[in-house]
Amino acid sequence: MAGDRQAFGRLVARHQASIRALSRRLARSASDGDDIAQAAFLTAWRRRSTWRGGSFRSWVCTIAYREFLNGRRAAAVEAEIEDMPGEGGQGGERLDLMRAMGALDASERDAIALCLGAGLSHGEAALAMGAPLGSVKSWVLRGRAKLQKALAAYSGA
Amino acid sequence: MSQQPEDGLERMFAADEAAIRDDGFTQRVVEQVERADKGVLWRRTAIYGAGLAGAGFAVGGIFEMAPHLPKMSGWFDGVVSAVSTAGVEDAVQNASDATQLAIVAVLAGVTFLVAAVTLQNR
């Protein structure tokens, strides 16, 4: 059991940034996002026997998304961007990305966060969101276009 | 992100993710996992204990009632003769007291087992 926990701890250390980034984008708040990520890892540990193999990160991303839906969406207030720390010296770009994400429709934001942000395939995102594949593709396409327009100042976005 | 960013947006997402430092997050998760495991241990002990106690009462109840139950050999002979003379319906009626007790005990055990397995996986 202790060995399992150590191995799980290594997985958490490897994937925490991905899961926290996804959760923060969904919750639009660093502290709420970290709470969601923490709850997602705990749920993953408790339900580890149900993991069917494949990508651990995708599995925990899906759990994090459901944790978010289960109680945090209601608490997601208008972009609390002052809550996002300016780590890494790229605060301006990150803040603008968060603002642009905040301006998207909820479905577009979720689909973009899962597909572009967390790297899930459209199929995985559709499964996580409980939505038709075509809708997810459409949300990603529309969300991407809106983000590219909003972030045109950053070359190549 | 393990993949190479394909365009400016994905580069921005990757940079956003790369800027997130661990800052004790992993340690907090591992501590929560340890606490959760301790909780599961207590719950499992309580459930298995209750299950054992229930099974004990069930077995004790059988022994307690044994003197009042028909002897199995006589009961079996009774069933055979009842089947041959009075038909299957009457035989089932005669056998019901003993079999009901056994069925209830087995159901109680299965219920405890299912509850324990379900709760420990939560």
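The values are calculated or read from the model by the stated rules, or taken from the named source; none is laboratory data. Bear in mind the structure is a predicted one, so any value in this text is a computation, not a measurement. Ideal geometry is used to build each Cβ from the backbone, glycine not excepted, and the neighbour counts take in all protein chains shown.
Among the residues of segment A:101-157, count how many are under 24 Å from A:Ala37 (Cα atoms), outside any helix (DSSP H, G or I) and within 11 Å of chain B (Cβ to nearest Cβ). Total satisfying the criteria: 2.
Return yes or no: is A:Gly156 surrounded by fewer than 16 Cβ atoms within 10 Å (Cβ to Cβ), within 26 Å of B:Phe25 (Cα to Cα) and modelled with pLDDT under 90? No; evaluated as a whole, the condition is false for this residue.
Conditions (1) under 16 Å from B:Ala15 (Cβ atoms); (2) touching a His at 6+ places or on another chain (Cβ under 8 Å); (3) at pLDDT 95 or above, marked per residue:
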{"residue": "A:Arg99", "(1), (2), (3)": "yes, no, no"}
{"residue": "A:Ala103", "(1), (2), (3)": "no, no, no"}
{"residue": "A:Ala106", "(1), (2), (3)": "no, no, no"}
{"residue": "A:Ala118", "(1), (2), (3)": "yes, no, no"}
{"residue": "A:Glu124", "(1), (2), (3)": "no, no, no"}
{"residue": "A:Met129", "(1), (2), (3)": "no, no, no"}
{"residue": "A:Pro132", "(1), (2), (3)": "no, no, yes"}
{"residue": "A:Val136", "(1), (2), (3)": "no, yes, yes"}
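Summed over segment A:1-54, residues that are β-branched (Val, Ile, Thr) and either surrounded by fewer than 22 Cβ atoms within 10 Å (Cβ to Cβ) or farther than 19 Å from B:Glu17 by Cα (or both) total 2.
Of all residues in segment A:22-45, those satisfying the criterion of being closer than 13 Å to A:Arg109 by Cα and either within 11 Å of chain B (Cβ to nearest Cβ) or part of a helix (DSSP H, G or I) (or both) are A:Leu22, A:Ser23, A:Arg24, A:Arg25, A:Leu26, A:Ala27.
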